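Below: one structure, written as structure tokens.
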Amino acid sequence: MLLSKLFVPIIKDLPAEAKIKSHQLMLQTGMIKQSSAGIYSWLPLGFKVMKKIEQIVREEQNFIGAQEMLMPTIQSAEIWKESGRYEDYGEEMLRIKDRQGREMLYGPTNEELITDVFRSSVKSYKLLPQLLYHIQWKFRDEIRPRFGVMRCKEFYMKDAYSFDLSDEDAIKSYNKMFYSYLKTFHRLGLKAIPMAADTGPIGGELSHEFVILAETGESKIYADKNIFQINFSQYSFEEKSLKKMREDFNKIYAVTDEKYKKDEFDKNVNKENQMVTRGIEVGHIFYFSDKYSKPLNCLIDDKNGKKTSVKMGSYGIGVSRLVGATIEANYNNNVMKWPKSIAPFDVVIIPSINKNNKENLEKAHKIYLELKKQNIDVLLDDLDENMSNKFKKHDLIGVPYQIIIGSKSQGDDLEFKELNSKSEILSLNKIKSKLKT
Ligand code: 5CA
């Protein structure tokens, strides 16, 4: 892509309404544009990053055997009345009527709808277990939308739902998802800590929030620092190993605000290991057994032909929130460096251009075509701007690698720089292989 053609409306001054780094940066670099309070348009740069995050989330859901589907954003109020949540959900639910006066709503989550899909098609234990997910827009009429994409009214979420015959089997599904979340966040370059959490309006007994540490986060957390010693890659994707992983995590104190009790914290964690900090909730998983299947009459025949309510869990990842959360985790001293896995481009070529010298630009174009041939997603900054402005701009856009075509690049020896590091002189072939690994 040529920067001169990219729709990236960069704003020079810090937007006043943005209170946290990620919100500022996303507005400044034209990743998003507010459409109304808590509702955003995703412009090409922001959309590209979000789609890359979505793809990693998808791959890791598929890896554990979850199947992708798509449910609508608009739901009928009927099923919510059946579950009893229509009234309980309160003002956060956006209620609408169609032209026949039928009560509808913009889905804030999908427990009822998926249970309705399931009850009409699955009657026997033989099809269990099942894991289904979709990645779809949600709407919650938040009273105080803030921090850009972190807490908005309309947001993009991956929500998965598990169906099992027994509570014991359902915990196995929960463990699979727990593992998948750790792996997903790792691929996104984030260190997410699972925290025992409250179940809120979703309900149930067992729940974990996945939180990344950030001072601007809305969740207050209390944890034993030893939680950082556990790494998901110590475990394999097998039932026994996943059980062990959950047991190991359970031994270490890590809870969110609502679950915190001072005496328990002091009893379980030495003073020097106590960590009280803030974080961003990027995922949340719930096990709620038959909370929805019972009132919605979602019954299946067990091995003896006896009807029983299917046991369920639900598992959410805030895909659009993750764009902001990744910025909070990676933006320091006015430099944003995207993790390679979700960067908007693999590399940017920055030629030094002036009216009398077009040689650098021509050379940059040649390299650009060469890299494109290799399927490297490359951005060429072909704008006639001084180098110091260009560098400032690219520090914000955050493409992790740069090829700088100026006095240090001679012939096939090119100046190559990783953001936040010193530049080095490399041949184009070496650069290609570096970018491909
Ligand atoms: N049904 C369950 C699991 S699928 C559920 O809705 N859980 S949730 O309420 O915790 O939401 C899942 C994830 O969506 C959260 O962890 C968070 O990352 C994201 N999320 C929730 N509310 C918002 C919001 N207002 N703005 C942006 N992201 C949000």
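FYI, it's all coordinate maths here, none of it is from the lab. Note that the structure is predicted; figures quoted are calculated from it, not measured. Cβ sites come from the backbone with ideal geometry, for glycine too, and all protein chains shown count toward neighbours.
Arrange Ile367, Ile397 by Cβ neighbour counts within 10 Å, fewest through most, would you?
Ascending number of Cβ neighbours within 10 Å: Ile367, Ile397.
Within the range 160-185, name every residue whose backbone N is under 18 Å away from a label modeled 7 Å from Cα of Ser76 along the Cβ vector.
none
Once label points are set 7 Å from the Cα along Cα→Cβ at both Lys51 and Lys372, what is their separation, rounded to one decimal in nm?
1.7
Please give the FRET efficiency for Leu206 paired with Asn357, using the beta carbon to beta carbon distance and R0 = 45 Å, rounded to the nearest 0.05.
My answer for the efficiency is 0.10.
Grab the beta carbon distance between Lys307 and Glu59, set R0 = 45 Å, and tell me the FRET efficiency rounded to 0.05.
E between Lys307 and Glu59, to the nearest 0.05, is 0.75.
Count neighbours as other Cβ atoms within 10 Å of each site's Cβ, and list the trypsin sites (Lys or Arg not before Pro) in the range 121-191 that are DSSP loop with at most 15 such neighbours.
Lys123, Lys191
How much mean residue ellipticity at 222 nm does the chain get from its helices, if each DSSP H run of length 4 or more adds -39500 (n - 2.57) and you divide by all residues, to the nearest 500 deg cm²/dmol?
-9500 deg cm²/dmol
When 1/r is averaged over all different Cα pairs and the result inverted, which Kirkwood radius in Å belongs to the chain?
23.9
Local charge sum around Thr256 (other residues, Cβ-Cβ under 15 Å, Lys/Arg +1, Asp/Glu -1)?
That works out to -3.
Rounding to the nearest 10 and keeping the result within 0 to 90°, find how far the Cα-based axis of helix 387-397 lies from the longest principal axis of the chain.
It is inclined by approximately 10 degrees.
Quick one: if you stick a label point 7 Å off each Cα along the C-beta vector at Leu127 and Glu168, how many nm between them?
In this crude spin-label approximation the distance works out to 2.5 nm.
Against the longest alpha carbon principal axis of the chain, how many degrees, from 0 to 90 and to the nearest 10, is the axis of helix 167-187 turned?
So the inclination is approximately 10 degrees.
Around Gly398, with a cut-off of 15 angstrom between Cβ atoms, what is the net charge of the other residues, counting Lys and Arg +1 and Asp and Glu -1?
+3
Quick one: the Cα spread of the range 26-65 along its three principal axes, in angstroms, biggest first?
Computed over the range 26-65, the largest-to-smallest principal extents equal 38, 19, 11 Å.
Rounded to the nearest 0.05, what FRET efficiency is calculated for Phe391 and Lys220 with R0 set to 51 Å and r the Cβ-Cβ distance?
Calculated value: 0.85.
Restricted to Cα positions, what overall size does the range 322-434 have along the principal axes? Three whole-Å values, descending.
Each principal axis gives a Cα extent; for the range 322-434 these are 42, 29, 22 Å.
Pairing the Cα long axis of helix 319-330 with the longest principal axis of the chain, what angle in degrees results, from 0 to 90 and rounded to the nearest 10?
Taking Cα atoms only, the helix is inclined about 50 degrees.
Which trypsin sites (Lys or Arg not before Pro) in the range 233-315 sit in a loop by DSSP (not H, G, I, E or B) and have at most 13 other Cβ atoms within 10 Å of their own Cβ?
Those that pass, being in a loop and sparsely packed, are Lys261, Lys303, Lys306.
With Cβ to Cβ distances under 12 Å as the rule, what net charge do the other residues near Phe147 carry (K, R +1; D, E -1)?
Charge balance in the 12 Å sphere: +2.
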